[in-house]
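Peer 1: Structure in structure tokens, see below.
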Amino acid sequence: TASRVLRTVHHALIADTPVAVRVEERAGERVLVVTRCNEQLAKAIKRQGAVVVTDANGELHAPILRKVVGYEPPLHHFAAVDGAPIQRTMLRCPSATRTSWLRKGGLEVTEGFVAAIEALFAWAAEEPSSKRLGVITLLPIEMALRAARGEQVDRVWEPLDDARVRLGPIVQAWQGELVWGHYGGVRGMNSMADVDCLATLGDPWPNLGLVKSDIAFLGLTQAWEQRVEAMCKAELEQAHGRLRAVHRTRPGRALHIGNVMPSGSGWRLDRVETRDAIAPRKRSDISAPEFCTIVAELGGVVSAAALAGVTRQCMAKYVTGSWPVPAEVRRELMSWWCP
């Protein structure tokens, strides 16, 4: 660690390109934040002769190029036309953020999150011919969904029992193939080029502190809120770029569940089907003692779970009061119960 710190400070002092340095407080400690352009990128841009940089998010990164070369480089926009028809859908979900879905770096399986997962797979199943589904989301959520699917997940992401129990029936009901990805790790990925449909789940908002450091380094006059949103849109555009729409020869579908529309010519508002916000499943207003009585008279947890179409683990959580009882579970059990 000491060596890396020394190397960072040393490079900041001798760098040929501008460097911004500031001190901020993180977790009660003072931290030195050094912001500079990638060294290899700077060397490539400043080579002798003409240089052409192609970038799907060129407008976002243009200030970085300007900072390196010291002048305003010419910027040209070209719309990328889909090679085959792509049906794009935006499903509004107010809770689709890190702060709502993640706690201490791990997934919190709320009713709203379960509703979003149900909506994702319901959308995928709207086209019966869809057999391969690509899902790109936040890394902890990817790990939770993999676990719910029954895949082996690195122990660093444990415990995932909650995700396995509550999301397992939803994820495993998908009979086709699932291809996974996460924000920040999709550039250059080609494994989703031939999926039938691709869904992004949640808005990938960047770290606000780092964005403010970038703005100070680049000398931008725009409000940090604008750049944060632009970076979120750009990450979504990169994710949906895994569909390789320009090179496709057969139709495909794309979905985003969140609040921010991906950037890119294909995601213009007049070309996208926008659906209403996802609402969490309604909870039952049944009291805990009353529910326990119903379960007992129906033969216990195992029997009640089979009648309601849920797992034994879920029914046990409802009985103990760890989870609220969904309205549909209450209705199903009431249809079997004869007081």
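Peer 1: Show Ser3, Ser303 ordered by accessible area, largest first, where the area counts protein heavy atoms only and the probe is 1.4 Å.
Peer 2: Ranked from most to least accessible, the order is Ser3, Ser303.
Peer 1: Another question, then. Given the whole protein assembly as supplied and a 1.4 Å probe, what does the accessible area of Arg244 come to in Å², nearest 10?
Peer 2: 70 Å²
Peer 1: In the range 1-115, how does Rg compare with the Kirkwood Rh, expressed as the Rg/Rh ratio over alpha carbon atoms?
Peer 2: 1.10
Peer 1: Then there is this: Mind sorting out which of (1) -0.91, -0.94, -1.11; (2) -0.86, -0.98, -1.30; (3) -0.76, -0.90, -1.33 is the real log10 I(q)/I(0) by the Debye sum over Cα atoms at q = 0.11, 0.12, 0.15 Å⁻¹ computed from the coordinates?
Peer 2: (2)
Peer 1: What residue among Ala27, Gly134, Phe78 has its Cα farthest toward the positive end of the dipole of the range 13-136, where the charges are +1 on Lys, Arg and -1 on Asp, Glu, each on the Cβ?
Peer 2: Result: Ala27, furthest along the dipole toward the positive end.
Peer 1: How do His256, His10, His76 rank by accessible surface area computed with a 1.4 Å probe, from largest to smallest?
Peer 2: His76, His10, His256
Peer 1: When only the heavy atoms of the protein chains count and the probe is 1.4 Å, how do Glu127, Glu72 rank by accessible area, highest first?
Peer 2: Largest accessible area first, the residues go Glu72, Glu127.
Peer 1: Can you pull the accessible area of Val195 for me, 1.4 Å probe, Å² to the nearest 10?
Peer 2: In the full protein context, Val195 sits at about 0 Å².
Peer 1: Given H placed 1.01 Å from N in the peptide plane, which residues other than close sequence neighbours of Leu102 have an amide H under 5 Å from its amide H?
Peer 2: Under 5 Å from the amide H of Leu102 lie the amide H atoms of Glu108, each far enough along the sequence or on another chain.
Peer 1: Can you list the residues, at least 5 places off or on another chain, whose amide H is less than 5 Å from the amide H of Arg88, using H built in the peptide plane?
Peer 2: Ala254, Glu273
Peer 1: So what's the back-of-envelope 222 nm ellipticity for the chain, counting only DSSP H runs of four-plus at -39500 (n - 2.57) apiece and dividing by all residues, rounded to 500?
Peer 2: Taken over the chain, the calculation gives -12000 deg cm²/dmol.
Peer 1: Using Cα atoms only, what is the angle between the long axis of helix 224-240 and the major principal axis of the chain, expressed in degrees (0 to 90) to the nearest 10?
Peer 2: In the chain, helix 224-240 runs at an angle near 70 degrees to the longest axis.
Peer 1: Looking at the range 110-141, which GluC sites (Glu not before Pro) are DSSP coil and have at most 13 other C-beta atoms within 10 Å of their C-beta?
Peer 2: Details: sites: Glu111, Glu118, Glu126; in loops: Glu126.
Sites meeting the loop and neighbour criteria: Glu126.
Peer 1: Counting only residues 5 or more places away or on other chains, whose amide H sits under 5 Å from the amide H of Trp323 once H atoms are built in the peptide plane?
Peer 2: Amide H neighbours of Trp323, under 5 Å, 5+ apart: Tyr318.
Peer 1: Toward the positive end of the charge dipole of the chain, about the Cα centre and with charges on Cβ (Lys, Arg +1; Asp, Glu -1), which of Leu236, Gly209, Ala304 goes farthest?
Peer 2: Gly209
Peer 1: Which of the chymotrypsin sites (Phe, Trp or Tyr not before Pro) found in the range 27-125 are loop residues per DSSP with 14 or fewer other Cβ atoms within 10 Å of their Cβ?
Peer 2: Those satisfying the criteria are Tyr71, Phe78.
Peer 1: How large is the Kirkwood hydrodynamic radius of the range 60-216, counting all unique pairs of alpha carbons, in Å?
Peer 2: When all Cα pairs of the range 60-216 are included, the Kirkwood radius is 17.9 Å.
Peer 1: Next question. Filter the trypsin sites (Lys or Arg not before Pro) in the range 134-202 down to the DSSP loop ones having no more than 14 other Cβ atoms within 10 Å, then list what survives. Write out the running numbers ahead of the final one.
Peer 2: Details: sites: Arg146, Arg149, Arg155, Arg164, Arg166, Arg187; in loops: Arg187.
Those satisfying the criteria are Arg187.
Peer 1: Give the lysines whose C-alpha is closer than 22 Å to that of Lys233, dropping any in the same chain fewer than 8 places away, or say none.
Peer 2: Lys212
The values are calculated or read from the model by the stated rules, or taken from the named source; none is laboratory data. Everything numeric in this text was worked out from a predicted model, so none of it was measured. Heads up, the Cβs are rebuilt from the backbone with ideal geometry, glycines too, and the neighbour counts pull from every protein chain shown. Keep in mind that these areas ignore ligands, DNA and RNA; they rest on the heavy atoms of the full protein, side chains included. Shrake-Rupley method; radii C 1.70, N 1.55, O 1.52, S 1.80 Å.
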